[in-house]
Amino acid sequence: YYIFERNTNNDPEYTTYVAPYDGKFIKLLLRSEEALGDTAITIYKVGDGTEEPEDGSVVDTKTVDIASANTSYTYTFDSDATFSKGDAMAVKIHPTTDPSAAGVVGTFVAQFDLTT
């Protein structure tokens with residue numbers, strides 16, 4: 001599914017989920033139906049009482065050149081890309097080249113602390 005797209009009024013839409021445990025992001029594999037150029041991934045975390053992801057804090061931002069269509073690319077996150085149980089986690093993609101109806105899919109690898 002799309003993990004980020006722009007709607008008609010140019011507001012970002014985020015895929016958001018709640019962390020079931022404390023943990024950290026390890027990497028993301030991203031694949032697009034179009035070459036996107038330098039593509040930034042920003043992960044936000046939002047605690048209780050805050051609605052909008054951009055009003056929370058940035059977990060990490062990485063940029064990778066998505067140079068070819070239909071090819072998987074890997075983003076590797078810093079060791080301090082952590083989150084806490086109950087944080088709402090959101091992802092934003094910002095490509096250099098706006099896709100003209102390209103499907104973009106991604107899979108995160110996260111490490112959870114099951115004792116929390």
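Points worth noting:
- Solvent-accessible surface (1.4 angstrom probe) belonging to L30, in square angstrom, nearest 10: 0
- Accessible-area value, T16, 1.4 Å probe, nucleic acids and ligands omitted, Å²: 80
- Legend: residues D87, D38, sorted from most to least accessible area (1.4 Å probe; ligands, DNA and RNA excluded), read D38, D87.
- Here the label points at T15 and A40, each 7 Å from Cα along the C-beta direction, are separated by 2.0 nm in the simple model.
- The slack between E33 and N70, meaning 0.36 nm per residue of separation minus the straight C-alpha distance, is 12.8 nm.
- Candidate residues E33, E51: accessible-area rank, largest first, probe 1.4 Å: E51, E33
- Local electrostatic count at D48 - Lys and Arg +1, Asp and Glu -1, tallied over other residues with Cβ under 13 Å: -1
- Taking 0.36 nm per residue of sequence separation and removing the Cα-Cα distance, the D113/S100 pair yields an extension gain of 0.7 nm.
- Net charge of Cβ neighbours under 14 Å - reference L28; Lys, Arg +1; Asp, Glu -1: +3
- Accessible area of Y73 in the full protein assembly, 1.4 Å probe (Å², nearest 10): 40
The values are calculated or read from the model by the stated rules, or taken from the named source; none is laboratory data. Predicted model, so just to flag it, every value in this text is computed and none were measured. Here Cβ is always computed from backbone atoms with ideal geometry, including for glycine, and neighbour counts include all displayed protein chains. Remember, those area values only see protein heavy atoms, side chains included, never the ligands or the DNA or RNA. Shrake-Rupley method; radii C 1.70, N 1.55, O 1.52, S 1.80 Å.
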